[in-house]
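The values are calculated or read from the model by the stated rules, or taken from the named source; none is laboratory data. Remember, it's a predicted structure, so these values are computed and weren't measured experimentally. No Cβ is skipped: glycine too gets one built from the backbone with ideal geometry, and neighbour counts run over all protein chains shown. Protein only, heavy atoms only, side chains kept; ligands, DNA and RNA dropped before computing areas. Shrake-Rupley method; radii C 1.70, N 1.55, O 1.52, S 1.80 Å.
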Amino acid sequence: MERHPYRPGLSGIVATETEISQIQNGLTYRGYPIEELASGAAFIEVAYLLLHGELPSHEQLADFQTLLIETGSLPQPVMAAVQAIPPHIDMMEVIRSGVSLLAHFDPQMEYGVFQSEVSNAQYLLAMLPQLISYRYHQVRGSRLIEPNFHHSYAGSFWYMLKGDEPSQLEEEAFNAALIINADYGLSPSTFAARVVTSTGSPLYSAVCSAIGSINGQLHCSCGTGVLDVLQEAMQSGNAEEWVCQEITKGRRVLGFENSHHKPRDPRSAVLKSYCVQLADALGQNEMENTADTIEEIMGKIQKVHPRVEWYASRLLHYLGFEPELFTPIFSVSRLVGWVAHIVEQGENNHLYQPLSRYVGMDQRKYKPLPLRS
């Protein structure tokens, strides 16, 4: 047996121990089932839970919310820098640059040193929705919307993006979507954040690396392609026939796992419930029925389950958000998970230094070039 077995992508390797979340028996955050949190808690409560380890009391929650309100508006220099970025640049690229710039205006930085990762997280929780909203409206030439902190966190984020009041169902669904995406074990973006943190680099560097990771097509950006799949299946007039043809042609149906060995995502049931409610309320039953048909056929023939974006992209579509906002919204949700892991990594740090296996040329002798005459 090899002394150092090779596991591509570190698959199956336990790289760290964590108290933040687990997905072996359903998704839980610090022991609380995600279904209970999504149905009964506000996102800001879950953010506090992930960052501080326990759910907040009424007083702690009020203080946490007050800190977010008192953080203020997006710094003018950051707004100017974002405005200078060409309008065709991908939103996530702008967010990565914006977060990097925000590091220089974080009030928790003194003498070039950050004082508290949790305080940095609170600053970013207040700033990131504003950054996304500012860029979204600036590119469109639409009216910039000032934050309205009289709503819940989910309601305030909604208002900054859309400028109107969500219905009770819309706000509940949006709040649940933020909660269930707040953390998911050692996902690629979370692992990227922990690796950077392990080197002793500050929080903002780790968060920027995580943002770069989630913008990859194999992480969560392919969620926008789910709508294309559904639209194409609906236009075909027969979703069952369409998906069977895709399978026969060997094409990948976006939104599904690439292996039948992977279990069903524990977040699916929560998102599916809200998809059904929203589709019914908005008259989007055709899309929901098409999704059900494709999911059933993929399960029977390919033996694979949907990925979380199969549901999340539909939910955000029903809520009226454009596909370019899907990953930015995800980044706001996942921010608290990243910071929780960054803090945990720092408390019991170990530098990530995996081995590599050399498969190149055998050792060769160097021959100097002959001197020119």
message: For region 94-211, what does the accessible surface come to per residue with a 1.4 Å probe? Please give it in Å².
response: 37
query: Short version: what are the Cα gyration tensor semi-axes of region 144-255, square root of 5 times each eigenvalue, largest first, in whole Å?
result: 32, 26, 11
query: Can you list residues whose amide H is under 5 Å from F256's amide H, if they're 5+ apart or on another chain and H is modeled 1.01 Å from N?
result: R307
- line: Of the candidates M234, A84, Y123, the farthest towards the positive dipole end of the chain (Lys/Arg Cβ +1, Asp/Glu Cβ -1, centred on the Cα centre) is A84
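Once the mean 1/r over all distinct Cα pairs of region 137-207 is inverted, what Kirkwood radius in angstroms do you read off?
14.7
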task: Evaluate the charge dipole of the chain about its Cα centre and quote only its size in Debye, nearest 20, assuming +1 on the Cβ of each Lys and Arg and -1 on the Cβ of each Asp and Glu.
output: 2180
- prompt: Per the Debye formula with a single identical scatterer at each Cα and no solvent contribution, what log10 I(q)/I(0) holds for region 227-352 at q = 0.14, 0.21 Å⁻¹?
  reply: -0.70, -1.26
query: Over all pairs of distinct alpha carbons, what does the Kirkwood formula give as the hydrodynamic radius of region 1-108, in Å?
result: 18.1
- request: Specify the inter-centroid distance of region 301-329 and region 1-31, based on alpha-carbon positions, in whole Å.
  value: 25
message: If you roll a 1.4 angstrom probe over the protein chains with everything in place, what fraction of the accessible area of the chain belongs to carbon and sulfur, to the nearest %?
response: 51
message: What whole-number volume per residue, in cubic angstrom, does the convex hull of the C-alpha atoms of the chain give?
response: 233
query: Among rounded, prolate and oblate, which fits region 91-220 when a ≥ b ≥ c are the square roots of the eigenvalues of its C-alpha gyration tensor, a/c under 1.5 means rounded, and a/b larger than b/c means prolate?
result: prolate
- prompt: When the chain is modelled as a GNM with alpha-carbon springs shorter than 10 Å, which of R307, R30, R252 fluctuates the most?
  reply: R252
